[in-house]
1. Considering only region 215-251, state which residues are surrounded by fewer than 14 Cβ atoms within 10 Å (Cβ to Cβ) and under 23 Å from ILE167 (Cα atoms).
2. When you go through (1) surrounded by fewer than 22 Cβ atoms within 10 Å (Cβ to Cβ); (2) within 17 Å of the chain's Cα centre (by Cα); (3) at pLDDT 95 or above one by one for ILE146, which number turns out not to apply?
3. What number of residues within region 293-334 are touching a strand residue (DSSP E or B) at 6+ places or on another chain (Cβ under 6 Å), of a type in the set (A, V, I, L, M, F, W, C) and in a loop (DSSP other than H, G, I, E, B)?
4. Just checking: which of the strands (runs of 3 or more DSSP E) contained wholly in region 150-239 hold 2 or more residues that are more than 21 Å from ILE77 (Cβ to Cβ) and of a type outside the set (Ser, Thr, Tyr)?
5. Just one of GLY147, GLY122 is among the small types (Gly, Ala, Ser), without any contact (Cβ under 8 Å) to a residue 24 or more places away in the chain and touching a strand residue (DSSP E or B) at 6+ places or on another chain (Cβ under 7 Å); which is it?
6. Could you list, in sequence order, the residues of region 284-320 that are under 18 Å from ILE61 (Cα atoms) and of a type in the set (D, E, K, R)?
Amino acid sequence: MNIKTIAAMAGVSIATVSKIINNYSDVGEETRRRVLKIMEETGYRPSSSAKTLATKKSSLIGAVFAGKLNSDLNHPIFVEVINAFKKQIGLLGYDLLLFSNENFFEAKEDYLARCRHFQVDGCIIIAGDNVEPSIADLDQSDIPCIGIDIAMSGRNSTYLMSDNAKISAKVVEHFYMQGHREIGLLGIDRQSGVTSIRETAFVESLKSFGLALRPEWRLLSADYSMEGGYRAMKELIAAGGPLPRALFAVTDLLAFGAMRALKEHGLRIPEDMALVGCDDIDACLYSDPPLTTVRQDTEKMGRLAALMLFDMINHQIDPSAIVVESELMVRGSG
């Protein structure tokens with residue numbers, strides 16, 4: 001049973017059946033009832049391919065976790081954003097197609113070609129480090145795209161991003177008001193879009209208060225993991241020099257690693273070193289002491305991304321970047 005058979009049984013064209021399947025209004029009520037009755041009696045259910053042919057829409061949204069560090073989907077913030085996006089886009093009638101990027105690094109496959117193959121109506125792109133060059137092709141294509149933590153410049157693209165410069169400014173201001181003047185930074189050992197913004201803004205914010213970041217107090221981790229933060233703090237302590245009185249870790253995971261290293265050496269938090277992270281993942285409430293951090297509104301970012309992408313697909317808005325405010329969550333660590 002297919003759309004052609006239904007049309008023949010009802011004595012109408014295939015185009016008319018397609019219009020009824022997709023709720024077009026320019027079909028007579030008698031014809032609509034007759035076709036629907038035949039579909040009910042025969043048990044026919046229109047396939048997604050039938051709907052795609054009729055409307056040129058697949059009701060599929062491609063989800064791209066760009067960057068090699070995102071291939072395992074192990075960053076809690078990205079997972080929270082995509083979960084919120086999935087719920088909202090589902091309510092709008094779309095399914096999510098998650099693209100694996102393992103082959104993109106080995107065979108240099110192309111995101112745009114994969115999107116066209118699956119006929120996705122739009123894409124959400126969540127970016128980490130080492131973003132593949134083919135992301136630029138997708139950004140500049142006719143497929144509506146919305147980026148999370150990655151600037152998009154295509155005529156059918158836009159993006160959402162936390163105000164990462166303001167995140168650092170809030171942390172520095174908080175430390176200053178707590179009386180801290182010897183302040184360090186725990187970041188990563190390479191350029192990354194989001195963390196680079198945070199690190200640059202951190203240094204500039206220190207300058208605005210007449211302070212400077214001592215080179216030895218800029219701790220570098222190989223990645224965003226707790227192990228990376230642990231190793232970086234261990235190296236600083238082992239160097240035997242003076243320690244900062246306060247430390248900003250550009251992610252909560254790095255902060256947790258640093259916290260463990262400090263405790264192993266008998267240092268108290270926040271008495272010996274105040275510690276602030278960034279992201280406000282769930283574990284912040286259960287660390288000892290609870291971690292002071294900057295909350296990114298992942299629920300809002302995910303829902304906004306879904307609503308904006310839906311409107312872009314349906315030509316209801318012109319793309320425009322959105323900056324989402326963050327909030328300093330003061331807890332026991334500093």
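1. Keep residues of region 215-251 that are surrounded by fewer than 14 Cβ atoms within 10 Å (Cβ to Cβ), which gives 215-216, 222, 235, 238-242.
Listed by number, the residues that qualify are PRO215, GLU216, ALA222.
2. (1)
3. 2
4. Hits in region 150-239: 183-188.
5. Of GLY147, GLY122, the one residue that is among the small types (Gly, Ala, Ser), without any contact (Cβ under 8 Å) to a residue 24 or more places away in the chain and touching a strand residue (DSSP E or B) at 6+ places or on another chain (Cβ under 7 Å) is GLY147.
6. ARG303, ASP311
A quick yes/no check of all residues on (1) more than 24 Å from GLY228 (Cα to Cα); (2) polar (S, T, N, Q):
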| position | (1), (2) |
| --- | --- |
| CYS123 | yes, no |
| SER134 | yes, yes |
| THR158 | yes, yes |
| LYS166 | yes, no |
| GLN178 | yes, yes |
| LEU185 | no, no |
| VAL194 | no, no |
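The values are calculated or read from the model by the stated rules, or taken from the named source; none is laboratory data. Just so it is clear, the structure is predicted and the values come from calculations on it, not from any experiment. All Cβ positions, even for glycine, are placed from backbone atoms using ideal geometry, and neighbour counts span all protein chains on display.
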